[in-house]
Amino acid sequence: YFPDQLERKLTSIRAGANRSLTEAGVNTLYVAFGFLEWYEDDDSDKKMLAPLLLHPVKMEHKSAGNRIRYSISTTGDDTATN
C-alpha cells in the first residue's frame, strides 16, 4: 500500500478490533507466525494458507505532525496454536 492507503487500512483494522473488543468483549486482532500451505484436493490449483501460531495484540496510534504513527504490542495473553 502507498502511505495514504496504508493509513486508511490501519485505521479500519484498528477501529474494527476496538469495536469487537468493546461490543462483544472479544479480541480479534492477532499476529500470525508461520503458515501451512495446503490444497482442498489433489485436483485443486487454489493454494490455501492456515496460520500456525496466533498471538493476540493491541494496536495504538499517535499523531506525529500531519501523520499518524501506529504501533502494536502484546496483550499479555498466551500465543495460540492452530
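Quick notes on this structure:
- Comparison of 24, 80, 64, 17 shows that the only residue that is at pLDDT 95 or above and out of contact with any Leu (no Cβ under 8 Å at 6 or more places or on another chain) is 24.
- Long-range neighbours under 9 Å by Cβ, at least six apart or interchain, first residue in contact (Cβ under 8 Å) with a residue 24 or more places away in the chain and over 16 Å from residue 68 (Cβ atoms) within segment 1-27, second open to solvent by 60 Å² or more (accessible area, probe 1.4 Å) and of a type in the set (Lys, Arg): 27/58
Results for (1) open to solvent by 60 Å² or more (accessible area, probe 1.4 Å); (2) assigned to a helix (DSSP H, G or I); (3) out of contact with any helix residue (DSSP H, G or I) (no Cβ under 8 Å at 6 or more places or on another chain); (4) more than 26 Å from residue 78 (Cβ to Cβ), shown as yes or no for each residue.
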| residue | (1), (2), (3), (4) |
| --- | --- |
| 10 | no, yes, yes, no |
| 16 | no, yes, yes, no |
| 21 | yes, yes, yes, no |
| 26 | yes, no, no, no |
| 32 | no, no, yes, no |
| 36 | yes, no, yes, no |
| 50 | no, no, yes, no |
| 54 | no, no, yes, no |
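- Here is the figure for segment 38-48: residues that are open to solvent by 90 Å² or more (accessible area, probe 1.4 Å) and assigned to a strand (DSSP E or B) total 1.
- Each residue in segment 67-77 was checked for being under 15 Å from residue 29 (Cβ atoms), surrounded by 10 or more Cβ atoms within 10 Å (Cβ to Cβ) and not polar (S, T, N, Q), and 3 of them qualify.
- Selection count, segment 56-66, where residues are under 20 Å from residue 25 (Cβ atoms) and open to solvent by 70 Å² or more (accessible area, probe 1.4 Å): 2
- All positions within segment 45-76 that are under 16 Å from residue 17 (Cα atoms) and either out of contact with any strand residue (DSSP E or B) (no Cβ under 8 Å at 6 or more places or on another chain) or among the charged types (D, E, K, R) (or both): 58, 60
The values are calculated or read from the model by the stated rules, or taken from the named source; none is laboratory data. This structure is a prediction, so every number in the text was calculated from the model and none was measured. FYI the Cβ positions are ideal-geometry reconstructions off the backbone, even for glycines, and counts take in every protein chain you see. What goes into the accessible areas is simple: the full protein's heavy atoms, side chains included, and nothing from ligands, DNA or RNA. Shrake-Rupley method; radii C 1.70, N 1.55, O 1.52, S 1.80 Å.
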